[in-house]
1. Run down Cys270, Cys242 and say which single residue is in contact (Cβ under 8 Å) with a residue 40 or more places away in the chain, closer than 20 Å to Gln174 by Cβ and either in contact with a Pro (Cβ under 9 Å, 6 or more places away or on another chain) or surrounded by fewer than 18 Cβ atoms within 10 Å (Cβ to Cβ) (or both).
2. Within region 156-180, which residues are at negative phi, of a type outside the set (A, V, I, L, M, F, W, C) and exposed (fewer than 13 other Cβ atoms within 10 Å of the Cβ)?
3. Of the conditions (1) touching a His at 6+ places or on another chain (Cβ under 7 Å); (2) closer than 27 Å to Ala430 by Cβ; (3) not aliphatic (A, V, I, L, M), Ser465 clears all except one; give me its number.
4. All but one of (1) charged (D, E, K, R); (2) more than 38 Å from the chain's Cα centre (by Cα); (3) part of a loop (DSSP other than H, G, I, E, B) hold for Arg454; state the number of the condition that does not hold.
5. Within region 46-62, which residues are assigned to a loop (DSSP other than H, G, I, E, B) and in contact with a helix residue (DSSP H, G or I) (Cβ under 8 Å, 6 or more places away or on another chain)?
6. Could you check region 133-169 and list, in sequence order, the residues that are out of contact with any Pro (no Cβ under 8 Å at 6 or more places or on another chain), assigned to a loop (DSSP other than H, G, I, E, B) and within 26 Å of His29 (Cα to Cα)?
7. Anything in region 200-220 that is free of Cβ contacts under 8 Å to residues at least 40 places away in the same chain and touching a strand residue (DSSP E or B) at 6+ places or on another chain (Cβ under 6 Å)? List them, or say none.
8. Search region 515-569 for residues being among the aromatic types (Phe, Trp, Tyr) and either touching a His at 6+ places or on another chain (Cβ under 7 Å) or closer than 13 Å to Val378 by Cβ (or both), and hand back the single one that is surrounded by the fewest Cβ atoms within 10 Å (Cβ to Cβ).
Amino acid sequence: MNVSLSLTSVLLLSAATLASAQSIRDTPHNLSSGGTGSVRATSENQICVFCHATHNTSARAPLWNRRDPGGAYTPYDSPSLKVKPGQPTGASRLCLSCHDGTIAMGEVLSRTQAIAMSGGGFLPAGRTRLGQDLSDDHPISFSYEASRAARGTTLRFAPTTQGRPMVDAMGDMQCTSCHDPHDNTFGDFLRTDPSSGGLCLKCHDETGWAASAHATSSNTWNGAGNDPWEFSTFTDVSANACRSCHVQHGAKGRERLLTSDIEDDVCLVCHTGSVAAKNIGAEQTKWSSHGKSTTTLALGSETPPDGRKRAARCRACHNPHQANGNAASGRAVSGPLLGVAGLSSSGIAVETSTYEFEVCYGCHSDDADVDPKRIRRVADQANIRSRFDIGNASFHPIESSGKNPDVPSLKQPYTIGSMITCTDCHDNDAGPAAGGTGPSGPHGSRWDYLLKYRYETQGQVTESSAAYQLCYDCHERASILADESFEEHRKHIVKEDTPCSACHDPHGVDRNRATGGDQTHLINFMESKVQPSSNGRLEFVDTGRFRGSCSLVCHGEDHKDESYSPGGK
């Protein structure tokens, strides 16, 4: 037996056998002529020589038999990464002497001639050939503890596998943190079983993960559409776990190592009825929707520092590491909205929303984009948060119960002390709340403004239970048409075909935008429906219980301080 082979086998293979459950002889890293992989030497029968030798090696441990690749690499980067990796160091640089594809696999320092290899001299193209652009690969060569200190509890303290540290002697994360080059027991030379996130969770400690749908669901792919797990061999959601969305090498979505560079496609590959029970993708094609974002991820595209989201991506409302199917408990957010950032009622960014409205305010707030369908009003305000401010004279009871002590039209079980949520109005028109079987939530609706029921807002609409189904869901139609709260409801709605929205602002009236008059009873006239009265005023004045007066020109009539009261008195 060759002396070099004998010494190398004794020193290295024996050590590998002690530390590993599988001999390197039986792995793809056996590049000798006796190897079973597709890449192997044509005649060389030594195994370890492709990486190690006893003489004529580099100064790098352990007896490294390959030259340094020497090139400059493009490291992984993402706005969510707190500690930026530099150029590969330590064991990672050793691995790259084969896996960047720039050095022939048979080119070793202990030989004057490269070892001849079948199928070409370089690592074949594929996911194991990383190249010099590492921006689509899990970050390496960074201080794990520095990163942990910057990120807090989302990274575990001193991770280990099989009793061995997952960081090198310098405390850095390297290729060998996840891979054991001598043992392929778990496939891909991974150091532990990757099923159910077993490897990822050694380091990553995401809040709420254990109870999330992505950790617990047993749903499988029904064969429709694209394979949701093209990067995995597992067959259900819980087994794929992290791999449902992330890939360690060759990620299409480089930031966050996602399986697609179109962020919403990461979600929709499953949430189109092919794995998840409900088809969210179909909802996003409806007339009104939080439509699919087709933005290609780019560096710097993360959530702005103030916590608000500018794009209607899935993760603007959902945190995939925490979301589950649990119903809301009291006023707390429901399971699908767990762990989502937003804005408080006072406009302060919150890392984790407590209430549903905080999630909505994350987009529909101070710098909200103007909806081209938005109704312009006398006290005009695009900021939804400001319109729900409990300091206003009137608002729908999202943040607190309303201020009006007399609402005779309310249906049971609603009372003047009741509170509602944004999704009591804004929801799927075919979801359970609307009597259908589709998914819940404001993903899409056939009605404007993502409403679960029809709500006519434009002129000359024949009154019916269908035309104002949204209003009549909470307010008794018979009470409204019987003029129990306003003596001329029937006249305006039925005889004049005037929509509810002509007078009422359903969110609330921002007191800071008022130009005169009062803003009780959600009175905030549509600019397209009314003009100032001949007395020069355009306003509503509240004069007491069920009493008031209006100054405006509406439906062809000039109302000058025209008053109303119960019974027309």
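The values are calculated or read from the model by the stated rules, or taken from the named source; none is laboratory data. Everything quoted here is computed from the prediction, not taken from an experiment. For neighbour counting, all protein chains shown are included, and Cβ atoms are generated from backbone atoms with ideal geometry for every residue, glycine included.
1. Details: Cys270 fails: closer than 20 Å to Gln174 by Cβ.
Answer to the selection: Cys242.
2. In the first step, residues of region 156-180 are kept if they are at negative phi; the result is 156-157, 159-161, 164-170, 172-180.
Adding the requirement that they be of a type outside the set (A, V, I, L, M, F, W, C) leaves 156, 159-161, 164-165, 168, 172, 174, 176-177, 179-180.
Result: Arg164, single match.
3. Going through the list (1) touching a His at 6+ places or on another chain (Cβ under 7 Å); (2) closer than 27 Å to Ala430 by Cβ; (3) not aliphatic (A, V, I, L, M), Ser465 breaks only (1).
4. The number of the failed condition is (2).
5. Keep residues of region 46-62 that are assigned to a loop (DSSP other than H, G, I, E, B), which gives 46-47, 51, 53-62.
If the condition is that a residue be assigned to a loop (DSSP other than H, G, I, E, B) and in contact with a helix residue (DSSP H, G or I) (Cβ under 8 Å, 6 or more places away or on another chain), then Gln46, Ile47, Cys51, Ala53, Thr54, His55, Arg60, Pro62 are the ones that fit.
6. Asp136, Asp137, His138, Gln162, Gly163, Asp168, Ala169
7. Ser218 - this is the single residue of region 200-220 that is free of Cβ contacts under 8 Å to residues at least 40 places away in the same chain and touching a strand residue (DSSP E or B) at 6+ places or on another chain (Cβ under 6 Å).
8. Residues of region 515-569 among the aromatic types (Phe, Trp, Tyr): 525, 540, 546, 564.
In the following step, the residues that additionally are either touching a His at 6+ places or on another chain (Cβ under 7 Å) or closer than 13 Å to Val378 by Cβ (or both) were identified as 525, 540.
Numbers: Phe525: 23, Phe540: 21.
Selected residue: Phe540.
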